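The values are calculated or read from the model by the stated rules, or taken from the named source; none is laboratory data. Please read all numbers here as calculations on a predicted model, not as lab measurements. Here the Cβ positions follow ideal geometry from the backbone for every residue, glycine too, while neighbour counts run over all protein chains shown. Note: accessible area is taken over every heavy atom of the protein model, side chains too, but ligands, DNA and RNA are not part of it. Shrake-Rupley method; radii C 1.70, N 1.55, O 1.52, S 1.80 Å.
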Amino acid sequence: MAEYSYSYKIPVGPVHPGLKEPIHLSFEIEGEEVVNLDIKTGWVHRGIEYLGLQRNPIQVIYLAERICGICSVCHAFCFARAVESAAGIEVPLRAEYIRTIIAELERIHSHILWAGVAAHLMGFDSLFYYTWRVREEVMDVLEYLTGNRVNYGILAIGGVRRDITTDGAAKIRENLESYLGLFNRLVEAFVEDPSVRARTRDIGVLTREEAIETCAVGPTARASGVATDVRQDQPYCAYADLEVKAITPEAITGETRGDVFDKAVVRLFEIAQSIEIIEKCLEGLPEGKISAEDKLPRLLNQLKKASGEGISSIEAPRGEDYHYVRLEEGEANVTAWKVRAPTYANIPSWFPMMKGAQIADIPLIVASIDPCISCTDRVTVVDRKKGTTTVLTEEDLRRLCVEKTRRMLR
Amino acid sequence: MGKGLNSFERAVWVYHLNTGSCNACDIEIVSLLTPRYDVERFGIKLVPSPRHADVLLVTGPVVKGMDERARRIYEQVPAPKAVIVVGTCGTDHGVFYSSYNTAGPVDQVIPVDVYVPGCPPRPEAIIEGVVKLWAKLESQRRGVQETAEQDAAGKEGVAL
Ligand code: SF4
């Protein structure tokens, strides 16, 4: 007789209705507990690196932005830096500062977006709406500075395409003021609220050792007490003048547990950190040109003559983003391009976090690394013992998650 | 507001399918639900299952592997139904025009009624697209009703 296993599998995805891209997750469940996890990706594979090889570096910037629409400036930023290092282009200081400001504004928008998604998954929808309302303010500023709400198109090889005028600076300051006021309310809502705490404390724990072992990056690693931050370890652009320190929960709450709560704390306080960075950048914004070469044909010529390899890594909202570029003399197009996005590095950390978790916690844990893939749609529960199949939707999963919150509040 | 449409007769439920987009269009769609734009006040609501939807909203070029799923999801939406594509890359591939891993823009996989160009389009543009679609849906529905009424009248005529 065949041996019986009392575990069953829950395949999730690849299609899900909510906020982000498709991914396929298969959970092995025993009772209510996750014992194993398998991941299949590739549902949004558009072959971007290959497409990049058919275009020149200036065109690739717009392609790089569309790797991910949430941290869109990061990829363009990282790519531009890699090309500049390959071609030996010196970026004017003012442009470096403007790049930093835009990147930090993007971090604010991205972290607020995450806070909203996490609140939604917990069943705290009023907080979701509140955070996303607040997020619109930074979107307005980004739109004012770059002309676009998302996929800003502000990066250029050798600099940026638009300057920050005195009006623009005033707009940013006004926005930062209002965020400083709102920040305390967000902290109150997330850190001090008992229901959020009950729902996130000691859930999805990633210990320091596990974080190092799975090579986690960004807030996911920092929440486990690993003080890594590209802005601190290998400062680039304006960060060299700013002395950014990696934020770990230890400094804020006095302890590090590596759970979802800690991840929320790290992201929230990074918003405050970004506000500070932008303020300093605005203060020290140097005068001068905003790009090394603004005549595009001349820039293209220069890039065509260049030969070399460039690598660059920057701190994206989700962690370290890394680009490798090769240019060859006489070749207008990029000849090699490799991208390693932060979520790719963070996915392995799901394994230790999921082990022993309850089904109702799956959405929160999946979201806790702020993946570029988040909610889940069709979940089929196959009970091998009974041989039955039930279909759970993303909504069912979220309902389970919300119900657990309610139970805990009672 | 669409032509011939004075007030909406009922709410419209939308199912959002990502077939390989870059996320930008998707987050703009989520912003529509949140207080600044708040389309729920018009009765536009995102639903978690295609079986509950009137409208299928698709973002992204159709990545290989997702084409089969897009077709299956399209079939699950009950008629009368309509499809709206948000974003340039779903309309004609946009920046991903020579990719080796796409099965074509959305309209090569499932029939499309409304396109909202832009990379990504502004939230206002997406709302306009949905309203156009809405008008179309209602006229479809009215058409179905009228034919039913005519059929009924015709039958009565015969009976008399
Ligand atoms: S249309 Fe543009 S912004 Fe929208 S998903 Fe496609 S590439 Fe991204």
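Ranked by solvent-accessible area (1.4 Å probe, protein heavy atoms only, all chains present), the residues A:His111, B:His52 order from largest to smallest as B:His52, A:His111.
List the GluC sites (Glu not before Pro) in region A:26-79 that DSSP assigns to loop (not H, G, I, E or B) and whose Cβ has at most 13 other Cβ atoms within 10 Å. Which are they? Answer in residue order: A:Glu32. Per-residue ellipticity at 222 nm, computed for chain A from helices alone with -39500 (n - 2.57) per DSSP H run of at least four residues, works out to -15000 deg cm²/dmol. Kirkwood analysis of the Cα pair distances in the protein assembly as shown returns a hydrodynamic radius of 24.9 Å. Summed over both chains, the contact between B and A buries some 3500 Å² of accessible surface at a probe radius of 1.4 Å. Taking region A:245-287 and a reference point 7 angstrom along Cα→Cβ of A:Ile39, the backbone N atoms nearer than 20 Å belong to A:258-264, A:267.
Can you list the residues of region A:137-177 with backbone N under 15 Å from a point 7 Å past the Cα of A:Glu287, pointing along Cα to Cβ? Residues A:166 qualify, since their backbone N sits under 15 Å from the label point. Stretching the chain fully between A:Glu174 and A:Ile212 yields a gain of 9.7 nm (0.36 nm per residue, less the alpha carbon separation).
Taking every protein chain into account, the accessible area of chain B amounts to 45 square angstrom per residue (probe 1.4 Å). For region A:245-282, the list of trypsin sites (Lys or Arg not before Pro) that fall in a loop by DSSP and count at most 16 other C-beta atoms within 10 angstrom reads A:Lys245.
Given a 1.4 Å probe and every protein chain left where it sits, what share in percent of the accessible area of the protein assembly as shown is carbon and sulfur? Reported share for carbon and sulfur atoms: 51 percent.
Of the residues in region A:56-85, those shielded by at least 20 Å² of accessible area once partner protein chains are present, compared with the chain alone at a 1.4 Å probe, are A:Leu63, A:Arg66, A:Gly69, A:Ile70.
If you model region B:9-153 as an ellipsoid using its alpha carbon gyration tensor, with each semi-axis the square root of five times an eigenvalue, the axes come out at 26, 19, 13 Å, biggest first. Surface analysis of chain A yields an accessible area of 38 Å² per residue, using protein heavy atoms and a 1.4 Å probe.
When you restrict to C-alpha pairs under 8 Å that are six or more residues apart and normalise by the size of chain B, the relative contact order lands at 25 percent. Which entries in A:Lys40/B:Lys45; A:Lys338/B:Lys64; A:Lys280/B:Lys45; A:Lys289/A:Lys338; A:Lys9/B:Lys136 show an alpha-carbon gap greater than 32 Å? From the list (A:Lys40/B:Lys45; A:Lys338/B:Lys64; A:Lys280/B:Lys45; A:Lys289/A:Lys338; A:Lys9/B:Lys136), the Cα-Cα distance tops 32 Å for A:Lys280/B:Lys45; A:Lys9/B:Lys136. Here is the list for region B:8-45: GluC sites (Glu not before Pro) lying in DSSP coil, each with at most 15 other C-beta atoms within 10 angstrom of its C-beta, are B:Glu9.
When the other protein chains are added to the chain by itself, burial of at least 50 square angstrom of heavy-atom accessible area (probe 1.4 Å, ligands and nucleic acids ignored) affects these residues of region A:132-181: A:Trp132, A:Glu136, A:Arg149, A:Val150.
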